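The values are calculated or read from the model by the stated rules, or taken from the named source; none is laboratory data. Since this is a predicted model, take the numbers as computed values, not measurements. Glycine gets a Cβ as well: all are built from the backbone with ideal geometry, and neighbour counts include every protein chain shown. For accessibility, only protein heavy atoms count, side chains too; no ligands or nucleic acids. Shrake-Rupley method; radii C 1.70, N 1.55, O 1.52, S 1.80 Å.
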Amino acid sequence: AIMRNIPLEKTLDYARAVKEGGVKFFEVALNSPHALKQIEMLRKEFGESALIGAGTAVTTELAQSALNAGAQFLLSPSTDTDVLLYLAGDQDGYLFADGVTQQLKVCRYNGETLDFLMDEAISGSDDSWQAGWTEELRSLW
């Protein structure tokens, strides 16, 4: 679920309703007011029962702020080299997907190299990939 411009006071009500509907991925758009606070709130509310990430992570500063707020993955409409280099410098490894390609692309720093992983099933038109992909993402973490 993409959370863009959701009022701060409605954050948890919105997220709980969406999660009750079966969605376990939340992208909080960083160009929304209160985005960092919302990431913190969602992480506290759902713990490990949902993946909370940040969208529109187009600069190193935004990426760093989102990760510091608790984001478990980053999304961006572009592939910014500085953001990738920033993530590569962190030994923990972070998930990053860009919107440049037609398929979801995830990268992770494993301590030596950047690994780019793709799941062919994601390019399909149905959502049958979601359950397996959730486990795939968690196993990378």
* Asked: Can you pull out the residues in region 47-81 that are free of Cβ contacts under 8 Å to residues at least 40 places away in the same chain and in contact with a Phe, Trp or Tyr (Cβ under 8 Å, 6 or more places away or on another chain)?
  -> Ala50, Ile52, Ala54, Ala57, Thr60, Ala63, Gln64, Leu67, Leu74, Ser76
* To do: Could you give me the residue pairs with C-beta distances under 6 Å whose first residue belongs to region 1-19 and is closer than 17 Å to Leu51 by Cβ, whose second residue is part of a helix (DSSP H, G or I) and open to solvent by 60 Å² or more (accessible area, probe 1.4 Å) wherever it lies, and which are 6+ apart or on separate chains?
  => Leu12/Glu45
* **Residue ID - modelled with the highest pLDDT, chosen from residues in region 76-93 that are surrounded by fewer than 21 Cβ atoms within 10 Å (Cβ to Cβ) and under 25 Å from Lys24 (Cβ atoms)** => Pro77
* Criterion (at pLDDT 95 or above and open to solvent by 80 Å² or more (accessible area, probe 1.4 Å)) met by exactly one of Lys24, Lys10 -> Lys10
* Residue count, region 28-55 (criterion: open to solvent by 30 Å² or more (accessible area, probe 1.4 Å) and not in a helix (DSSP H, G or I)) -> 3
* Any chance you could count how many residues in region 1-27 are in a loop (DSSP other than H, G, I, E, B) and polar (S, T, N, Q)? => 1
